[in-house]
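Peer 1: I have a structure here, written as structure tokens, and I will follow up with some questions on it.
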Amino acid sequence: MTPAMIIDGRGVAGDITFDVVNPASGAVFAQAPECSDAQLDESVAAAARAFPAWSAKVDDRRAALAAAADRLETRSEEIVTLLTAEQGKPLAMARMELAGSVGALRALAGAELPREVIQDDAEARVEVVGRPLGVVAAITPWNFPVVIAINKLAPALLTGNTVVLKPSPLTPLATLAMAEVIHEAFPAGVVNVISGGDGLGARLSGHEGVRKITFTGSIPTGKAIAAAAAGDLKRITLELGGNDAAILLDDVDLAAMTEPLFWSSFLNTGQVCAAVKRVYAPAGRYDEVVQALAARAAATTIGPGDESGVELGPLQNRRQLDRVAELVDDAIRSGARCVTGGTRIDRDGFFYEPTVLAGAADGMRLVDEEQFGPALPVIAYDRLEDAVAAANGTRFGLGGSVWSGDEERAAAAGARLTCGTTWINTHALPLPFAPFGGRDWSGIGVEGGRWGIEGFVDWHTVYTARSRGANAEAGFAETVA
Ligand code: NAD
């Protein structure tokens with residue numbers, strides 16, 4: 001059965017549908033509704049109609065978010081199944097994604113609103129209040145469709161905005177199922193979820209009824225969205241691609257660190273924005289690092305996500321598989337060597353062997369670009385400052401990490417990384433209460449913690465004069481004096 005979109009509190013079918021492919025088989029296994037222009041207009045209009053009442057009552061918003069968390073928890077397992085079928089990840093990973101989504105809804109139900117009294121004395125009371133923006137467009141990618149959607153919905157809704165959410169056309173099903181499960185916790189029009197292709201994303205981001213776009217996806221799309229937002233000065237939060245470096249120091253404990261380093265790179269088959277995408281190893285320990293990572297990669301159990309014991313599923317789509325294969329082939333032509341992996345797996349679906357490449361160097365496309373897949377280049381360095389410079393030498397700036405037995409040395413090197421998050425002795429660990437975002441081309445704005453919540457408001461300063469001396473003329477004279 002084709003799932004429905006949720007528009008103005010109702011399940012709505014599309015006039016036409018599009019194919020959804022199971023990446024473990026490469027075959028079409030479901031259909032999703034394609035949202036028409038009229039349905040897009042209706043979803044934005046419904047969100048605008050719902051906004052005044054929704055933004056007025058914070059207690060109702062908290063209760064609705066908590067109720068949505070309960071609903072999602074109760075019906076997680078049916079969404080887990082769909083998520084694995086359309087995205088490819090192992091069931092255990094899909095369960096973690098749903099658990100993280102439930103946790104985020106609960107945490108946001110109880111989170112503080114952006115509001116602060118910054119002066120309260122005989123002269124004046126000054127309060128700074130975060131006001132909701134109106135209709136928020138949320139546009140999501142295909143690697144973690146459910147939790148990325150919830151991480152946008154929950155803070156947007158808590159702060160009093162209403163939402164129109166559009167998932168990736170490659171993974172619409174789990175998001176539509178999630179919407180079907182949670183939408184009844186909210187008044188009609190507060191949460192609208194529509195599905196369709198990239199063109200729908202473009203029309204949604206250019207829609208005159210939208211005041212903010214929160215987007216996670218690729219850098220080129222992020223730039224297109226920034227351009228679409230500019231004419232109307234819509235607010236934007238862009239969580240974009242990364243090319244995170246892990247720098248290993250000469251005292252790294254490989255016996256303890258190989259496992260976390262491997263998962264930091266290969267989790268979700270490498271399709272993680274802040275995965276380790278290149279490793280810089282000291283020349284004196286280079287062979288050891290390469291061998292340890294290659295041995296771990298070679299021992300991985302790969303298969304369809306719904307088979308038990310599977311650690312890594314397929315790439316999510318054929319284009320991504322072709323891209324990873326092309327980047328590995330290019331690296332080999334440029335002088336790198338596959339220590340393990342380097343080929344597609346000969347079976348249906350979009351499977352690629354976990355791959356570790358030695359002899360990789362800056363300037364190779366696999367090192368300079370974001371591969372977003374299970375192929376990890378290891379680059380030798382002589383001087384730490386060269387590794388730091390190489391890590392910083394791209395337009396990306398999402399995450400980075402330093403691995404060492406000496407926490408202080410690692411932190412000193414980590415502080416020099418130009419990125420949104422530096423991890424020490426781990427990488428890509430989600431930190432829901434910290435700001436997460438990218439510098440330079442990896443994004444604008446952040447998600448997470450109070451910083452993420454503040455991305456869904458405009459600031460409103462309310463000044464109450466108490467002293468007769470605090471008149472505008474006197475204040476102005478003081479400021480300019
Ligand atoms: P994508 O940019 O191709 O698509 C993402 C979403 O944008 C989809 O819903 C798509 O339909 C929509 N879209 C496409 N063109 C659009 C346009 N012109 N206007 C508006 N919307 C449009 O990205 P993807 O391939 O789905 O995701 C992979 C990328 O996402 C990788 O680069 C990855 O690093 C990045 N990513 C970043 C983060 C982060 O938090 N920084 C998290 C996950 C993924």
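For every residue, the table says whether it meets (1) within 16 Å of the ligand (Cβ to nearest atom); (2) modelled with pLDDT under 95; (3) outside any strand (DSSP E or B).
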site	(1), (2), (3)
ALA380	no, no, no
VAL402	no, no, no
GLY405	no, no, yes
ARG416	no, no, yes
LEU429	yes, no, yes
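Peer 1: How many of the residues making up the stretch 435-454 are more than 13 Å from the ligand (Cβ to nearest atom) and either surrounded by 22 or more Cβ atoms within 10 Å (Cβ to Cβ) or of a type in the set (A, V, I, L, M) (or both)?
Peer 2: 1
Peer 1: Quick one: which helices (runs of 4 or more DSSP H) lie wholly within the stretch 9-114 and hold at least 1 residues that are within 18 Å of PRO155 (Cα to Cα) and either touching a residue at least 24 places away in the same chain (Cβ under 8 Å) or in contact with a Leu (Cβ under 6 Å, 6 or more places away or on another chain) (or both)? Steps first, answer last, please.
Peer 2: Working: elements: 37-56, 58-74, 76-87, 91-109.
Per the criteria, 37-56, 58-74, 91-109.
Peer 1: Might you check whether a residue that is on the phi > 0 side of the Ramachandran plot and in contact (Cβ under 8 Å) with a residue 12 or more places away in the chain occurs anywhere in the stretch 130-152? Walk me through how you get there before you give the answer.
Peer 2: Kept after step one, since they are on the phi > 0 side of the Ramachandran plot, are these residues of the stretch 130-152: 134.
The next check asks that each one be in contact (Cβ under 8 Å) with a residue 12 or more places away in the chain; those that pass are 134.
Yes: the stretch 130-152 contains one or more residues that are on the phi > 0 side of the Ramachandran plot and in contact (Cβ under 8 Å) with a residue 12 or more places away in the chain.
Peer 1: Taking helices (runs of 4 or more DSSP H) that do not extend beyond the stretch 181-294, which have at least 1 residues that are within 9 Å of the ligand (Cβ to nearest atom), hydrophobic (A, V, I, L, M, F, W, C) and within 30 Å of VAL164 (Cβ to Cβ)? Give the steps one after another, and end with the answer.
Peer 2: On the way: elements: 198-205, 219-230, 254-266.
Filter on the stretch 181-294 gives 198-205, 219-230.
Yes/no per residue for (1) surrounded by 14 or more Cβ atoms within 10 Å (Cβ to Cβ); (2) aromatic (Phe, Trp, Tyr); (3) within 28 Å of GLY455 (Cβ to Cβ):
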| residue | (1), (2), (3) |
| --- | --- |
| ASP70 | yes, no, yes |
| THR74 | no, no, no |
| THR81 | yes, no, no |
| ARG95 | yes, no, no |
| GLY110 | no, no, yes |
| PRO114 | yes, no, yes |
| ARG125 | yes, no, yes |
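Peer 1: Hey, could you check the stretch 287-320 for residues that are among the hydrophobic types (A, V, I, L, M, F, W, C) and farther than 18 Å from VAL276 by Cα and say which is farthest from the chain's Cα centre (by Cα)? Quick ask: steps written out before the conclusion?
Peer 2: Quick first cut of the stretch 287-320, residues among the hydrophobic types (A, V, I, L, M, F, W, C) only: 289-290, 292-295, 297-299, 302, 310, 312, 315.
Right, trim to farther than 18 Å from VAL276 by Cα and you get 299, 302, 310.
Values: ALA299: 28, ILE302: 24, VAL310: 24 Å.
My answer is ALA299.
Peer 1: Can we say ALA275 is of a type outside the set (S, T, N, Q) and surrounded by fewer than 19 Cβ atoms within 10 Å (Cβ to Cβ)?
Peer 2: On the way: of a type outside the set (S, T, N, Q): yes; surrounded by fewer than 19 Cβ atoms within 10 Å (Cβ to Cβ): no.
So ALA275 fails the test.
Peer 1: Can you name the residue in the stretch 136-159 that is within 9 Å of the ligand (Cβ to nearest atom) and not in a helix (DSSP H, G or I) and is also surrounded by the fewest Cβ atoms within 10 Å (Cβ to Cβ) among such residues?
Peer 2: By that ranking, first place goes to TRP142.
Peer 1: Go through the stretch 332-361 and give me each residue that's surrounded by 17 or more Cβ atoms within 10 Å (Cβ to Cβ), within 17 Å of VAL289 (Cβ to Cβ) and of a type outside the set (Val, Ile, Thr).
Peer 2: ALA336, CYS338, GLY341, PRO354, LEU357, ALA358, GLY359, ALA360
Peer 1: Could you identify the single residue in LEU261, LEU315, LEU267 that is at pLDDT 95 or above and under 23 Å from VAL388 (Cβ atoms)? Break it down into steps so the answer makes sense when it comes.
Peer 2: Details: LEU315 fails: under 23 Å from VAL388 (Cβ atoms); LEU267 fails: under 23 Å from VAL388 (Cβ atoms).
The match here is LEU261.
Peer 1: Sticking with this structure for a sec: Do you know which residues across the stretch 26-68 are within 30 Å of PRO314 (Cβ to Cβ) and surrounded by fewer than 22 Cβ atoms within 10 Å (Cβ to Cβ)? First the steps, then the outcome.
Peer 2: Step one: list which residues in the stretch 26-68 are within 30 Å of PRO314 (Cβ to Cβ), which gives 26-35.
GLY26, ALA27, VAL28, PHE29, ALA30, GLN31, GLU34 - these are the residues of the stretch 26-68 that are within 30 Å of PRO314 (Cβ to Cβ) and surrounded by fewer than 22 Cβ atoms within 10 Å (Cβ to Cβ).
Peer 1: Another question, then. Which residue, of ARG323, ARG409, is part of a helix (DSSP H, G or I), within 30 Å of PHE29 (Cα to Cα) and touching a residue at least 12 places away in the same chain (Cβ under 8 Å)? Let's see the steps before the verdict.
Peer 2: Details: ARG409 fails: within 30 Å of PHE29 (Cα to Cα).
When all the criteria are applied, what remains is ARG323.
Peer 1: Quick check on this structure: which one of ASP198, ASP232, ASP244 is surrounded by fewer than 23 Cβ atoms within 10 Å (Cβ to Cβ), closer than 20 Å to GLN320 by Cβ, in contact (Cβ under 8 Å) with a residue 12 or more places away in the chain and out of contact with any helix residue (DSSP H, G or I) (no Cβ under 6 Å at 6 or more places or on another chain)?
Peer 2: Working: ASP232 fails: closer than 20 Å to GLN320 by Cβ; ASP244 fails: surrounded by fewer than 23 Cβ atoms within 10 Å (Cβ to Cβ).
Selected residue: ASP198, the only one of ASP198, ASP232, ASP244 that is surrounded by fewer than 23 Cβ atoms within 10 Å (Cβ to Cβ), closer than 20 Å to GLN320 by Cβ, in contact (Cβ under 8 Å) with a residue 12 or more places away in the chain and out of contact with any helix residue (DSSP H, G or I) (no Cβ under 6 Å at 6 or more places or on another chain).
The values are calculated or read from the model by the stated rules, or taken from the named source; none is laboratory data. Treat the numbers as computed from the prediction; the structure is a model and nothing was measured. Counting neighbours? That spans all protein chains shown, and the Cβs are built from the backbone with ideal geometry, glycine included.
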